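Report on the structure given below.
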Amino acid sequence: MDNLPRRGPTGFRRRHLVTVLAFLGIFIMDNLRWSFVNAIDPMTTPYKVTLDNGTVVEKRNLDFEMQVVSHVVSSSFYGYVASQILGGWLGACLGGSGVFGAGVAFTALFSLVMPIVVHGGTANWVIASRVIQGLFMGVTYPSIIAVWSRWAPPQERARLVTIAFSGSYFSIVVNPPVCRLIANTLGWTIIFHITGILGFIWFAVWWTVVKDKPEDDPHISTEELKYLRDNLDCGPNDSIPKHIIYPWDKFVTSMPVWAIVVAHTCVSYGFISLSIVLPMYMRDTYNYRLDRTGFLSSLPYLLIAVLMPVAGTLADWLRNTEVLTTTQVRKTFICSTFISQAILILLARNLNSVNGTLVCLILALGLSAFAWAAFSVNHLDIAPQHASVLMGFSNTFASILAFLSPSVIIYFIRDGWQYTFYTIIAVHLFAALFYWAFASGERQRWAPPAPTPEPESIPLQQRSHVI
């Protein structure tokens, strides 16, 4: 176990403010992502228009064939995947806070202009706009890891990161009912206006408050700055490099890196697969319409959002009290989660009870929170200076398989539900075994810490002790 101070300065500090703003940024970012999906129904719903000659005709705002509409909805994925590694590289070179903020801001800009594109553009224009919007979405997750490499000390890493990423799942809970309400009362175009304006308001606050390096923050206390300096070699003590040489040969031959890729991919595949399977299986097997149950349909995502900070806090506590090493914490959380999910999915398939099946599948989804407390910070464990690029690397694979998972499910459903369930179980068991065999929570030899500057070369400015 690293010989690190176990506690930082108490109270609400600047790193906690960064965490709150990161949570809000990810929450808004994912609302921008899901708003188009949840606005599709009112956009494609026919409405009647009376012409000047008295003739009543039927029109749709998005007047494309359903196959084209499907391409429009999924088109942001291509931009999202293409910019993952780029987002990590830009975050490391230019500073994670600026790249993260710009990603949200430009996504918000495209949200504001989307109604204009839908009303006046062809299908190709709408698809092109969605692809470009996806490019800006894609840089956000990798670049926020660059922020954590400078603001999240190892003692608090899992807690701070999971609090921020829980914003993604809160957005899944909030976005559908709010979008329906706005579309029914104010019109579907207002969905894009509201989310876009919120994105710009958040960006103004983020750009003003959050700095790439703690030492550039004029409001950070001397005590907190020293705490971060003592515990983060990649952050407050070094300048943001303009030219970084990434050891890609080490990345692609490192088994701990591939363990993260496998875990990240399994979480994404399992989440999308279970999100699709849950309502379909309940409807086909028990004639139970989950989409008509209101709150119950959003319960799995609310459970993930609430449990993520709990899991992150528990992970940090186990590490800080030396109950487990960092490697043991990561392996325990990932492997116990995947094995528990596999057991719950197997139970759901074999129970002949609607309530029992529903509970098992909801719990299987909810347990994803504990996997997030491990893989989302594992990049920072093994190579903090390369963590943003490694997040982009792993999220590329995770996003591709998540995108393909509906097709995989449809393929196996033709032969019966048992094959669909067994495929999901097999993926989770394989990921658990692979991660247990090859994962690490220790810094890798190909990612050595930067040389520590002499104390006199980094004068500690007099700073306020208040936020």
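Checked against the criterion of being open to solvent by 30 Å² or more (accessible area, probe 1.4 Å) and either out of contact with any Lys or Arg (no Cβ under 8 Å at 6 or more places or on another chain) or not in a helix (DSSP H, G or I) (or both), the candidates I260, I304, I272 yield just one match: I272.
Take L278 and tell me if it is part of a helix (DSSP H, G or I), in contact (Cβ under 8 Å) with a residue 40 or more places away in the chain, open to solvent by 50 Å² or more (accessible area, probe 1.4 Å) and closer than 25 Å to I413 by Cβ. In short, no. Between A164, A158, the distinction of being touching an Asp or Glu at 6+ places or on another chain (Cβ under 7 Å), small (G, A, S) and at pLDDT 95 or above belongs to A158 only. For the structure I just gave you, tell me whether T420 is hydroxyl-bearing (S, T, Y), under 24 Å from I85 (Cβ atoms) and in contact (Cβ under 8 Å) with a residue 24 or more places away in the chain. When the stated conditions are applied, T420 does not pass them. For region 403-428, the set of residues classified as surrounded by fewer than 17 Cβ atoms within 10 Å (Cβ to Cβ) and at pLDDT 95 or above consists of A426 only. Candidates are the residues of region 255-298 that are of a type in the set (S, T, N, Q) and under 17 Å from V359 (Cβ atoms); the one that is nearest to the chain's Cα centre (by Cα) is S275.
Of the residues making up region 308-360, those that are within 21 Å of the chain's Cα centre (by Cα), under 25 Å from I272 (Cβ atoms) and open to solvent by less than 50 Å² (accessible area, probe 1.4 Å) number 13. Out of all the residues in region 34-50, which are assigned to a helix (DSSP H, G or I) and either at pLDDT 85 or above or surrounded by fewer than 19 Cβ atoms within 10 Å (Cβ to Cβ) (or both)? Selection gives W34, S35, F36, V37, N38, A39, I40, D41, T44.
A single member of I127, I145 is aliphatic (A, V, I, L, M) and open to solvent by 20 Å² or more (accessible area, probe 1.4 Å), and it is I127. Listed by first and then second residue, the pairs with beta-carbon distance under 9 Å, at least 6 apart or on different chains, first residue in region 210-224 and in contact (Cβ under 8 Å) with a residue 24 or more places away in the chain, second aromatic (F, W, Y) and surrounded by 14 or more Cβ atoms within 10 Å (Cβ to Cβ), are V210/F100; V210/W151; K213/W151; P214/W151.
Of the residues examined, L390 is not one that is open to solvent by 40 Å² or more (accessible area, probe 1.4 Å), of a type in the set (A, V, I, L, M) and at pLDDT 95 or above.
For L324, the criteria (1) without any contact (Cβ under 8 Å) to a residue 24 or more places away in the chain; (2) over 14 Å from A374 (Cα atoms) hold in every case but one, which is (2).
As a summary of the residue check, P154 satisfies the conditions (1) open to solvent by 10 Å² or more (accessible area, probe 1.4 Å); (2) assigned to a helix (DSSP H, G or I); (3) in contact with a Leu (Cβ under 8 Å, 6 or more places away or on another chain) except for the one numbered (2).
Could you grab the pairs with beta carbons closer than 7 Å, sequence gap of 6+ or different chains, first residue in region 127-154 and farther than 21 Å from F393 by Cβ, second one of a type in the set (V, I, T)? So the pair list comes out as I127/V72; S129/V117; R130/V72; Q133/T107; W151/V18. For region 397-433, a residue qualifies if it is of a type in the set (S, T, N, Q) and touching a helix residue (DSSP H, G or I) at 6+ places or on another chain (Cβ under 6 Å), and the qualifying residues are S399, S405, T420, T423. In region 7-27, is there at least one residue being modelled with pLDDT under 70 and open to solvent by less than 60 Å² (accessible area, probe 1.4 Å)? Yes, the conditions are met somewhere in region 7-27.
Candidates A371, A432, A364: the one that is more than 30 Å from V252 (Cβ to Cβ), of a type in the set (A, V, I, L, M, F, W, C), open to solvent by less than 20 Å² (accessible area, probe 1.4 Å) and modelled with pLDDT of 95 or more is A364. Taking every residue in region 185-198 that is without any contact (Cβ under 8 Å) to a residue 24 or more places away in the chain and over 13 Å from F36 (Cβ atoms) and pairing it with any residue that is buried (at least 18 other Cβ atoms within 10 Å of the Cβ) and basic (K, R), at least 6 positions away or on another chain, yields no pair with a Cβ-Cβ distance below 6 Å.
The values are calculated or read from the model by the stated rules, or taken from the named source; none is laboratory data. These figures come from a predicted structure and were not determined experimentally. FYI the Cβ positions are ideal-geometry reconstructions off the backbone, even for glycines, and counts take in every protein chain you see. For accessibility, only protein heavy atoms count, side chains too; no ligands or nucleic acids. Shrake-Rupley method; radii C 1.70, N 1.55, O 1.52, S 1.80 Å.
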